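A short write-up of the structure that comes next.
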Amino acid sequence: MPAHPSEPAQAHDIETGDIAGYRRPAKGTQPEYLHPAYASTRKRAPTRPLVLLPHTLSEITGPVFGHDDPCAEDADLTRQHEGEPLGERIIVAGRVLDDSNRPLPGALVEIWQCNAAGRYRHQNDTHAAPLDPNFTGTGRVVTDKDGYYRFVTIKPGAYPWRNHHNAWRPAHIHLSLFGRAFVSRLVTQMYFPGDPLLPHDPIFNGTADEKARNRLVAAFDWDATVPEHALGYRFDIVLRGREATPLHR
Amino acid sequence: MSDMDELIATPSQTVGPFFRIGMESLYTPDLAPGAADRIAIHGRVLDGDGQPVSDAILEIWQANAHGKYAHPDDAQALPLTPGFTGFGRVPTDTEGAFRFFTIRPGSVPGPGGGVQAPHLVVAVFMRGLLIHLLTRVYFPDEPSNATDPVLQLVPADRRTTLVARRNGNELEWNVILQGDNETVFFDY
């Protein structure tokens, strides 16, 4: 059942229906829909004005997932087959917080990635790199009571993607998160520190604000590193949090 | 709490073309298995050239038939429906088509003590969207659409893009990404 902590009672006045909404992002801290350097945005980004949506009960609620849903293998992508996958084993761990620095327990984190050679186990991935029979590239966890999550996986490879001449995606792991509300839903990608491809990647650079963009880069972390076993990377994820007081309209 | 305590939220990034690997385990094309009054909603996702988007994924969020969300922040004294989470997730096929089954939700509270007409909230993800789109599906032949506080915010000539239409025994609702019939998307 719901693993979410209870919110302050004043956040929702049932009598009037007035609700404290979720904080809207400051300009430049999230990507725009149209980002011409990323060619696929040109025919897919909305062209008409977006309609500003008040946050109603429909937006401040969202699906609730239980701790029991994922199993241990879902958190260790190196233990999902008979053998171990090839590549550099790594640990990716961190905390899911809201933008008021409060941990989010019970948040579902889904990840997917390519293998060490830069190939996804997907029928549409035609990159001429080998599949690894011991690697699917998918994981799921639910954050613990303090908002922490941890995956064991292998470091994904870079791969070409035809967006422009000689285009290569920096190594990345896709993450999908459900926070407390449907408006705090986040799908993102985690990158690795020092990757020389980052300054050239239109997807990474789709977020104008440098501080916000750098949230997408994990930090090498001695504390997460396990001796004789695997390097650790710390990746904290910040979801939109709730305004403190109801908006009266 | 001062502004100094606020953290910048993590930016969104595209799901890319290979999301199935990570998101398939929660594919939920039937939100209400076994419900007597189940309805099918189908449609297509089309890009700026009118071409089908074969690598989109839709997520649906809705209240139950009583207008109650299965969520701790819904304090209404209304019954939950056992087994009904209100969440759906469905990908498009090679023709850009999707179909999901659900029940018609009840009305839910709106801003300022108002009432919202029955609706589904839909998030749309795909390669080429660095941040997902948010839209809604309303139901045809629903008198309360005329006073729905969110529909009132939408220019009158675009409201029809948010209302499903009858197509045989099913409802049809399309996601048109660009152009004259472009679906209304929300700044959320």
Can you find a residue in segment B:99-119 that is within 30 Å of residue B:50 (Cβ to Cβ), of a type outside the set (Phe, Trp, Tyr) and at the interface with chain A (Cβ under 9 Å from one of its Cβ atoms)?
-> yes
Determine whether segment B:165-180 contains at least one residue that is under 25 Å from residue A:36 (Cα atoms) and crowded, with 22+ Cβ neighbours inside 10 Å.
-> yes
Kindly provide the set of residues from segment B:4-28 that are assigned to a loop (DSSP other than H, G, I, E, B) and farther than 26 Å from residue A:101 by Cα, ordered by number.
-> B:16, B:17, B:18, B:19, B:27
Only residues in segment B:143-154 that are free of Cβ contacts under 8 Å to residues at least 60 places away in the same chain count as the first member; pair them with residues that are crowded, with 19+ Cβ neighbours inside 10 Å and part of a loop (DSSP other than H, G, I, E, B), Cβ under 6 angstrom, at least 6 apart or cross-chain, and list the lot.
-> B:144/B:117; B:145/B:117; B:148/B:117; B:149/B:110; B:154/B:184
What about residue A:48, is it basic (Lys, Arg) and facing chain B (nearest Cβ under 10 Å)?
-> yes
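Residue A:105: under 17 Å from the mean Cα position of the chain (by Cα), surrounded by fewer than 21 Cβ atoms within 10 Å (Cβ to Cβ) and either modelled with pLDDT under 95 or not hydrophobic (A, V, I, L, M, F, W, C) (or both), yes or no?
Criteria met by residue A:105.
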Does segment A:19-28 include one or more residues that are over 25 Å from the mean Cα position of the chain (by Cα), at pLDDT below 95 and within 29 Å of residue B:116 (Cα to Cα)?
-> yes
Can you confirm whether segment A:149-170 contains a residue that is within 17 Å of residue B:26 (Cα to Cα) and modelled with pLDDT of 95 or more?
-> no
Of the listed residues (B:163, B:175, B:154), the one being among the β-branched types (Val, Ile, Thr) and within 10 Å of another protein chain (Cβ to nearest Cβ) is B:154
Can you spot a residue in segment B:67-81 that is surrounded by 19 or more Cβ atoms within 10 Å (Cβ to Cβ), under 30 Å from residue A:203 (Cβ atoms), out of contact with any Phe, Trp or Tyr (no Cβ under 7 Å at 6 or more places or on another chain) and free of Cβ contacts under 8 Å to residues at least 60 places away in the same chain?
-> no
Enumeration of residues in segment B:1-52 that are farther than 28 Å from residue A:46 by Cβ and polar (S, T, N, Q) = B:2, B:25
Does residue A:40 meet the test of being buried (at least 16 other Cβ atoms within 10 Å of the Cβ), assigned to a helix (DSSP H, G or I) and out of contact with any strand residue (DSSP E or B) (no Cβ under 7 Å at 6 or more places or on another chain)?
-> yes
Is there a residue being of a type in the set (Ser, Thr, Tyr) and crowded, with 16+ Cβ neighbours inside 10 Å anywhere in segment A:219-241?
-> yes
Of (1) in contact with a Ser or Thr (Cβ under 9 Å, 6 or more places away or on another chain); (2) under 19 Å from residue B:129 (Cβ atoms), residue A:167 satisfies every one except (1)
Go through the residues of segment A:225-248 one by one and say whether even a single one is touching an Asp or Glu at 6+ places or on another chain (Cβ under 6 Å), small (Gly, Ala, Ser) and assigned to a strand (DSSP E or B).
-> yes
Any idea which residue in segment B:84-98 is surrounded by the fewest Cβ atoms within 10 Å (Cβ to Cβ), counting only those that are within 11 Å of another protein chain (Cβ to nearest Cβ) and of a type outside the set (A, V, I, L, M, F, W, C)?
-> B:94
Would a scan of segment A:51-65 turn up a residue that is more than 7 Å from chain B (Cβ to nearest Cβ) and modelled with pLDDT under 95?
-> yes
Hey, residue B:81 more than 10 Å from chain A (Cβ to nearest Cβ) and in contact with an Asp or Glu (Cβ under 8 Å, 6 or more places away or on another chain) or not | no
Among (1) at pLDDT 95 or above; (2) in a loop (DSSP other than H, G, I, E, B), the one test that residue A:94 misses | (2)
Among the residues of segment B:101-145, which ones are surrounded by fewer than 21 Cβ atoms within 10 Å (Cβ to Cβ) and aromatic (Phe, Trp, Tyr)?
-> B:101
Of all residues in segment A:130-159, how many are over 17 Å from residue B:19 (Cβ atoms) and of a type in the set (Gly, Ala, Ser)?
-> 3
Residues of segment A:61-88 being assigned to a helix (DSSP H, G or I) and in contact with a Ser or Thr (Cβ under 9 Å, 6 or more places away or on another chain), which ones?
-> A:74
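The values are calculated or read from the model by the stated rules, or taken from the named source; none is laboratory data. Since the model is a prediction, treat every value here as computed from it, not as a measurement. Positions of Cβ are generated from backbone atoms using ideal geometry, with glycine treated the same way; all protein chains shown enter the neighbour counts.
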